[in-house]
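Values in this text are rule-based calculations from the coordinates and carry no lab data. It should be emphasised that the depicted structure is a prediction, and the values quoted were computed from it without experimental measurement. All Cβ positions, glycine included, derive from the backbone under ideal geometry; neighbour counts span all protein chains shown.
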Amino acid sequence: MTEIYKIQSYSYEDRAQDLLNRMTIEEKVGQMCQVDGRKEPELWIKDKNVGSFLHIVGEEAIRLQKISSEETRLGIPLIFGIDAIHGHAFYNDATVFPSQLGLSSSWNTDLLQEVAHITAKEVILTGLHWTFSPVLCLGRDMRWGRVDETFGEDPYLAGVLGAAMVKGYQGEKLSDPYSILSCPKHFAAYGETQGGRDSTESDVSPRKLKTVFLPPFKAAVDAGCATIMAGYNSIDGLPCSANKWLLTDILKNQFNFKGFVVTDWNNTGNLYSLQKIAPSLKKSCEIVINAGNDMIMTTPEFYDNAVELVKKGIISEKLIDQACLRILLMKFKLGLFDEKRYPDCSNSNSIIGCDQHKNASYKSALESIVLLKNEENVLPITNKIKKIAVVGPNADDVVAQLGDWSFGPRDFPERSTLEYNKYDTTSIVTILEGIKKRAGSEFEVVYEKGCDVIDESINNIDAALKISSDCDIIIAVVGDTIVLNGETRDRASLDLLGRQEELLKELKNTGKPLIVVLINGKPLTIPWVKDNAHAIIEAWNPGMEGGNAVASILFGDYNPCGKLSISFPRHVGQQPVYYNQYPGWHGGKYADLTSEPLFHFGYGISYTSYEYSNLKLASYELDTDDELLLTIDVKNTGTVKGTEIVQVYINDIYSCVTTPIKELKGFARVELNGGETKNVQIKIPISSLALIDSNLNSFVEPGEFEVMVGGSSKDEDLIKAVFKVL
Ligand code: NOJ
């Protein structure tokens, strides 16, 4: 019989089906397995026809790919996956970008697409084809350890930025030389577990899911994402990988997702060992197949169990076929059967971590940084300043600066043994290094760490005060660090730990201008800092060029324009403080604390200021299939050029179910010279104002809507108008 699967002129679908027809049950189940490539990889390829490896990279990946494509019965190539989350940051020499939370403060889809494209290039050049990114969970409880990996708290912003990253990773088509598979994750509501306790139960109704947590994934599916990862968490008692409604009915059938679903790390085993909804591993395997998972990440026992389940007729072979077909199709689309896509290593050194990519990292750090306070224009630093004190535990700390999913020494045993963890940190520019470099001989810079991020027994505050005593300005770099962020790193307190606040208070007592630079994975509860620092720069985990970017902002070479994609609580007990709250709170505040966040979603200032006026709607009565066209004048009232992020929020004034007091529905980035005014136009499809009613129906309810436009989600910053949907 003609080997159609080998003939390029046939469609990918025909080739995948032809190949599937030739496969044994064992071979099909093997394709569904993704295992750790460091454990008996040859055995997995030759005896089990494994479909995918993760967490190996470079020469070893190429060697294994050759074995799989050239030495197995059907020559099916492997897909190699990796967590290239903010750059290919597990790989020595790669470009490390700011964390996803940092990047989201840019509100810049072009930038996100470029970051993802560069990452894809670097990933493919090391022999891999798939990154487990972007994260589309929402960061709504700051105690959760993985807030740094999110695009913040808003479903619309997460969807738009996520779609941009999907496009950046996957390019025009998957077979393009620099395209890789994206993997939006963790499906779904994984960031919403109670108390921020990672991977436990997310107490959300189907209506809440559809309203808040699924829309970013729908945006990613519409952008053509090739894969999606199921979350660790449970929803209403069902772990995501056991949830047929979620994976099959919603994702595959309603969203029309054509790619494949991968479980998270040992989701299958967890059903038995942790979540206890299966009394045996075999039962776990049966459940995940029935639910609609296609690839099983790191549950090696899946192979034998699934083969047995099919052979005994407990599982229908049809389900295995469907899963396997989805995986094969992606392999064809990636071009792995035709071009093989072995990396051109002669080329890799000139591309991975090249100057152009580093420059993109610098640019993305500039746009990720949010200026939160600048009393009496203490910034930027002018040449009236002669001597600068840099203090604080995060001023010169590579690990805190890069954050999670980079080369740092996180104490996951499986990560710390990796070869590629031996990262050469000389290419990372710390905040101190960046300031020194920018200061040159024009300014004198002195440094003292002062204290530790966590350990209270480290107290060099006196030394910090001493070096600050004859300085003109103090830059204190504080925040959190790697052991306070990421999986298994949920927090009960969001305060600055160790002696950091004490250090800041002592520095404030010197009477000198105090600039606080925050290096942190998530919003912290820092009311004292807000009230007392003269300026605050939120730099998040700003990546390898973070020091240069922070210095450029401190010295006014760049006018900051980042806006918060996440609200800062004042106190941990005030959570959640996300801006899109539901109405109806009796009293509207706590008896002992305001309901106001410390810093609002969408907030961020710059070295100039903007004035909004003249909000007009092209029409004040619209049909459900119309687009709302609004215009507003935005004026740069200062002298410095800047970029303002204009935000549009909508409120459905009366509705059959309670709807949020405001929801972001559009935004635009506007560049304005000093004194310049632009008339900004923003379009919003009325269909995007649909609500989900109690019966899970989605529709736009006729009636009045309020539109609010401005530079943050704070009421005082918004100009309002009302329109009617007929
Ligand atoms: C577990 C994490 O939850 C997920 O985000 C990651 O992609 C996988 N491990 C693979 O490392």
Chain lengthening between Leu726 and Asp236 when straightened (0.36 nm per residue, less Cα-Cα):
172.7 nm
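Sequence gap at least 6, Cα distance under 8 Å: using those rules, report the relative contact order of the chain to the nearest whole percent.
On the way: 1758 pairs, mean separation 93.8, N = 726.
Averaging sequence separation for qualifying contacts and normalising by length gives 13 percent for the chain.
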Please compute the modelled spin-label separation between Ser655 and Lys683, points set 7 Å along Cα→Cβ, answer in nm with one decimal.
2.3
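Taking 1 over the mean of 1/r across every pair of different Cα atoms in region 466-548, what Kirkwood radius in Å do you get?
Values: mean 1/r = 0.0730 Å⁻¹.
About 13.7 Å, per the Kirkwood formula over Cα pairs.
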Just need the relative contact order of region 58-150 here, percent rounded to a whole number, with Cα pairs under 8 Å and 6+ apart.
34
Radius of gyration and Dmax for region 1-91's Cα atoms, expressed in Å?
14.3, 47
How far, in nm, would the chain grow between Lys641 and Tyr582 when pulled straight, counting 0.36 nm per residue and subtracting the alpha carbon separation?
17.5 nm
Convex hull volume of the Cα atoms in region 610-725, per residue, in Å³?
86
I need the peptides 593-600, 264-271 ranked by packing, meaning the mean over residues of other C-beta atoms within 10 angstrom, with the highest value on top.
264-271, 593-600
Candidate lysines - alpha carbon under 20 Å from Lys589, same-chain residues fewer than 8 apart omitted
Lys662, Lys714
Cα-Cα longer than 19 Å, checked against Lys522/Lys563; Lys373/Lys563; Lys563/Lys724, kept in input order, equals Lys563/Lys724
Magnitude of the Cβ-charge dipole (Lys and Arg +1, Asp and Glu -1) of region 1-47 about the Cα centre, nearest 20 debye, reported as 80
Hz values of 3J(HN,Hα) by residue in region 658-669 - Karplus curve (6.51, -1.76, 1.60), Gly and Pro given as x:
5, 10, x, 5, 7, 9, 5, 10, x, 7, 8, 9
So what does log10 I(q)/I(0) come out to for the chain at q = 0.06, 0.07, 0.08, 0.11 Å⁻¹, using the Debye formula with one equal point on every Cα and no solvent?
-0.36, -0.49, -0.64, -1.18
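Pull up the DSSP beta bridges for the chain and report the antiparallel fraction as a percent, rounded to 5. Display every interim value, and only then the final one.
Details: 52 of 92 bridges.
Rounded to the nearest five, the antiparallel share is 55 percent.
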Counting only other residues whose beta carbon sits under 15 Å from that of Gln254, what net charge do I get with K and R as +1, D and E as -1?
+4
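Region 354-565: Rg/Rh from Cα coordinates, Kirkwood Rh? Mind showing how you got there, number by number?
Values: Rg = 16.4 Å, Rh = 17.3 Å.
That ratio is 0.95, to two decimals.
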Dipole of region 354-565 (Lys/Arg Cβ +1, Asp/Glu Cβ -1, origin at the Cα centre): which of Ile381, Ile369, Leu484 lies farthest to the positive side?
Ile381
Two pseudo-spin positions, 7 Å from Cα along C-beta at Arg38 and at Glu716, lie apart in nanometres by 5.3
From the Cα centre of region 496-514 to that of region 203-262, the distance in Å is 46
Provide the percentage of antiparallel DSSP beta bridges, counting only those with both residues in region 420-570; round to the nearest 5.
10
Alpha carbon Rg of region 257-343, scaled by the compact-globule rule 2.2 N^0.38 Å:
1.19
Partners for Lys530 among aspartates and glutamates (Cα-Cα distance below 16 Å; same-chain residues under 8 apart left out)
Glu375, Glu376, Asp495, Glu501, Glu502, Glu506, Glu538, Glu596
Label-point separation, Asp304 to Ser619 (7 Å along Cα→Cβ), nm
6.6
For region 164-231, listing GluC sites (Glu not before Pro) in a DSSP loop whose Cβ sees at most 10 other Cβ atoms within 10 Å gives Glu172
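Quick one: net charge around Asn383, please, counting Lys, Arg +1 and Asp, Glu -1 for every other residue with C-beta under 15 Å from its C-beta. It would help to have the intermediate numbers written out before the result.
Details: positive: Lys384, Lys386, Lys387, Arg438; negative: Glu442, Glu444, Asp472, Asp557.
That works out to 0.
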Karplus ³J(HN,Hα) for region 137-144 (6.51 cos²θ - 1.76 cosθ + 1.60, θ = phi - 60°; Hz, whole; x = Gly/Pro) runs 6, 9, x, 10, 10, 5, 6, 4
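Within the chain, which DSSP H helices have Cα atoms that stretch 18 Å or more along the helix axis and a mean Kyte-Doolittle hydropathy of at least 1.0?
Span-like helices, by this rule, are absent here.
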Measure out, as a whole number of angstrom, how far apart the alpha-carbon centroids of region 537-565 and region 180-201 sit.
28
Sparse-neighbourhood loop sites, trypsin sites (Lys or Arg not before Pro) in region 1-72 - DSSP loop, at most 13 other Cβ within 10 angstrom
Lys39
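Sorting Ser687, Ser69, Ser133 on the 10 Å Cβ count, fewest up front, what's the list?
On the way: Ser687 13, Ser69 18, Ser133 28.
Exposure proxy ranking, most exposed first: Ser687, Ser69, Ser133.
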Quote the Stokes-Einstein diffusion coefficient, in whole µm² s⁻¹, for region 635-679, based on the Kirkwood radius over alpha carbon pairs, a temperature of 20 °C and a viscosity of 1.002 mPa s.
171
Calculated FRET efficiency for the pair Glu676/Val446, C-beta based, R₀ 41 Å, to 0.05
0.55
What size of dipole, in debye to the nearest 20, comes out for region 197-247 about its Cα centre when the only charges are +1 on Lys and Arg C-beta atoms and -1 on Asp and Glu C-beta atoms?
160
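Using Cα pairs closer than 8 Å and at least 6 residues apart in sequence, work out the relative contact order for region 610-725, in percent. Spell out each step's value before the answer.
On the way: 269 pairs, mean separation 36.7, N = 116.
Dividing the mean separation by the residue count of region 610-725 yields 32 percent.
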Debye log10 I(q)/I(0) for region 502-552, one point scatterer per Cα, at q = 0.21, 0.24, 0.30 Å⁻¹
-0.81, -0.96, -1.16
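How much length is gained if the chain between Asp344 and Asp626 is pulled fully straight, taking 0.36 nm per residue apart and subtracting their Cα-Cα distance, in nm to one decimal? Present the calculation step by step, with values, prior to reporting the outcome.
Working: separation 282, 0.36 × 282 = 101.52 nm, distance 4.95 nm.
Taking Asp344 through Asp626 to full extension adds about 96.6 nm, to one decimal.
If r is the Cβ-Cβ distance from Glu60 to Glu706 and R0 is 41 Å, what FRET efficiency results, to the nearest 0.05?
Working: r = 58 Å, r/R0 = 1.41.
In this case the efficiency is close to 0.10.
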Roughly speaking, what is the centre-to-centre gap between region 264-295 and region 639-705 when only Cα atoms are used, to the nearest Å?
41
So what does log10 I(q)/I(0) come out to for region 663-706 at q = 0.16, 0.20, 0.27, 0.30 Å⁻¹, using the Debye formula with one equal point on every Cα and no solvent?
-0.61, -0.77, -1.07, -1.17
Excluding Asn651 itself, what net charge comes from residues whose Cβ is under 12 Å from its Cβ, given Lys and Arg +1 and Asp and Glu -1?
-2
